[in-house]
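Some notes on the structure that comes next.
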Amino acid sequence: MRMYDLIMEKRNGGKLSEEEIRWMIESYTSGEIPDYQMAAMMMAVYFRGMDEEETRNLTIAMAESGERLDLSAINGVKVDKHSTGGVGDKTSLALIPLVASCGIPVAKMSGRGLGHTGGTIDKLESFRGFSTGISTETFINNVNRIGIAIMGQTANLALADKKLYALRDVTATVDNLSLIASSIMSKKLAAGADAIVLDVKTGSGAFMKTQEDAFALAREMVKIGKNAGKYTTALVTDMDQPLGLAVGNALEVKEAIDTLKGEGPEDFTELVKELGSRMLIAGQKAETINQAEEMLARSIAEGKALDKLADFVEAQGGSREEVYHPELLPMAGIQEEICSEQEGYISHIQCDEIGICSLILGGGRETKESPIDLSVGLVLGKKAGDYVKKGEVLAVLHANSREKAAEAKARFLKAYTFSNSPCEKRKLILGSVE
Ligand code: URA
């Protein structure tokens, strides 16, 4: 087989066979196919697409290109969760302890983030001493002992995707449905859970800008999961404004703690409960959504969800004290109110711009090596549909530099659009793919 022929085939709109895809992924992983040929292939796929069979074959070839986690030593149905990500998306921080407190064993691999804030691991490192650098043995023991563990993605998991994602990132070929679906699902399949619950985001702060694309991606990923014999379900949710109110690592951890105490923002609480219910059903702990919702509400009311977070943080080197006293978490030196310069109903928030404000403050990393400031970010006071008077507080900026705060503030004010007539509040949960 020659890579040149496969590129030509795809460039001309043809279909790659299972054997060709497998050969291409194996040869790319071993270094026999150079980046420049794979980059040409990714661009050909970007324009020509892949059909369902090609996407499935690509996913399986990538899942098998590296190590696969064996979770069979963990008792019960292991349920994994994945979000396609967005601004203020701290869902795992609240959801995972919540479902674990209801008896779902959660053995999760997570990543750091490139982007507006860190990934789940960066956020968790707001707890001093917390580490995801644990051995597979500790990972499995912790899940059996306390029901929850998070490990950093091992270098070998879905090796081909690791190489390919880095290549797509610098060749403008990330936002293709087949490539995103196969990238995410190859990692999920290699991570070994029995069931997968997906949260596909749509809007100005997400990869998928339109609902149509988000539903198509959700359908594609659910199909891949089911074909691999995993119970898979997806929600499609709004990311046209930040999720909840907090954007920034430690600020998001605080919001997740509030939510586990039953004091979180309405939209974030709704999402955590909706995904949590689906995880309880996937893990066979509940039969109906109503039953699952009652279990989740009880766990929050009885303080079990918060205790589970404390157990988890402690088991991975952090202090449970900080879970019960979040004021001990990293805090920025400057807190500055951003007041509205206009009066009216908020008709639109350019969500990705709010993410960029967090990045400007130092809350995210621009390159893999950039340091991250866990304490900075923003806490919104107003969201789409709210009425605001001139001078009212739109958000509070948390910064460690006056210059960065000024730059972020100017950008923030441009991200809000106002209208004289009432605007509807945005619906968060747009639908599901079962
Ligand atoms: N996240 C992934 O893991 N892969 C993609 O291609 C896009 C988002």
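FYI, it's all coordinate maths here, none of it is from the lab. Quantities reported herein were computed from a predicted structural model and do not represent experimental measurements. Glycine gets a Cβ as well: all are built from the backbone with ideal geometry, and neighbour counts include every protein chain shown.
Okay, which of the stretch 385-422 sit inside 14 Å, backbone N to the point 7 Å along the Cα-Cβ direction of residue 343? Zone members listed by number: 387-392, 419-421.
The long axis of helix 159-169 is offset from the longest Cα principal axis of the chain by roughly 60 degrees. Annotation for the stretch 354-393 versus the stretch 3-55: alpha-carbon center distance of 39 Å. For the chain, the mean residue ellipticity at 222 nm estimated from helices alone is -14000 deg cm²/dmol, where every DSSP H run of n ≥ 4 contributes -39500 (n - 2.57) and the total is divided by all residues, rounded to the nearest 500.
For the stretch 52-154, the dipole from Cβ point charges (+1 on Lys and Arg, -1 on Asp and Glu) about the Cα centre works out to 520 debye, to the nearest 20. In loop segments of the stretch 1-90 as defined by DSSP, the trypsin sites (Lys or Arg not before Pro) with at most 10 further C-beta atoms inside 10 Å of their C-beta are 2.
Remark: the residue 135-residue 324 segment gains 65.3 nm on full extension, using 0.36 nm per residue and subtracting the alpha carbon distance. Considering only DSSP beta bridges whose two residues both sit in the chain, what percent are antiparallel, to the nearest 5? For the chain, the DSSP antiparallel bridge percentage is about 50.
Spin-label model, residue 228/residue 336: points 7 Å from Cα along the beta carbon direction are separated by 4.6 nm. Taking the Cα atoms only, what angle lies between the long axis of helix 211-227 and the longest principal axis of the chain, rounded to 10 degrees? Around 50 degrees separate the two axes. Here the stretch 60-90 and the stretch 141-208 have alpha carbon centers that stand 7 Å from each other.
Could you tell me which of the pairs 90/383; 162/308; 209/425; 90/261; 273/368 are separated by over 27 angstrom between their Cα atoms in the structure shown?
On the way: 90/383 17 Å; 162/308 32 Å; 209/425 19 Å; 90/261 15 Å; 273/368 33 Å.
Checking Cα-Cα distances, 162/308; 273/368 exceed 27 Å.
Exposure proxy for 412, 418: other Cβ atoms within 10 Å of each Cβ, ordered fewest to most, give 418, 412. Sorted fewest first by neighbouring Cβ atoms within 10 angstrom, 82, 116, 325 come out as 325, 82, 116.
3J(HN,Hα) along the stretch 82-95: 9, 10, 6, x, x, 7, x, 7, 10, 4, 4, 4, 9, 5 Hz, from the Karplus curve 6.51 cos²θ - 1.76 cosθ + 1.60 with θ = phi - 60°, whole Hz, x for Gly and Pro.
For residue 198, the residues whose amide H sits under 5 Å from its own are 82, 233, 234, 235, ignoring neighbours fewer than 5 places away on the same chain, with H placed 1.01 Å from N. Candidates 288, 246, 354 compared by Cα position along the dipole of the stretch 227-374: farthest toward the positive end lies 288, with charges placed on Cβ.
Here, the stretch 262-401 has an Rg and a Dmax of 18.9, 51 Å when only alpha carbons are counted.
Ranking of 17, 101, 204 by neighbouring Cβ atoms within 10 Å, starting from the fewest: 17, 204, 101.
By how many degrees, between 0 and 90 and to the nearest 10, does the Cα long axis of helix 35-48 differ from the longest principal axis of the chain? So the helix axis and the longest Cα principal axis differ by about 80 degrees. For the options 350, 153, 37, a Gaussian network treatment of the chain with springs between C-alpha atoms closer than 10 Å singles out 37 as fluctuating the most.
In debye to the nearest 20, how big a dipole does the chain give about its Cα centre with +1 on each Lys and Arg Cβ and -1 on each Asp and Glu Cβ?
Dipole magnitude for the chain comes out near 80 debye.
Would you mind getting me the FRET efficiency between residue 1 and residue 172? Use the beta-carbon distance for r and R0 = 30 Å, nearest 0.05.
0.65
Please give the FRET efficiency for residue 128 paired with residue 434, using the beta carbon to beta carbon distance and R0 = 41 Å, rounded to the nearest 0.05. After rounding to 0.05, the efficiency reads 0.50.
For the residues 167, 245, 95, a GNM of the chain with alpha-carbon springs under 10 Å puts the largest fluctuation on 167. Highest mobility in the GNM of the chain, judged by mean-square fluctuation with C-alpha springs under 10 Å and restricted to 383, 285, 368, is found for 368. A simple spin-label model places the labels of residue 154 and residue 263 4.1 nm from each other, with each point 7 Å out along Cα-to-Cβ.
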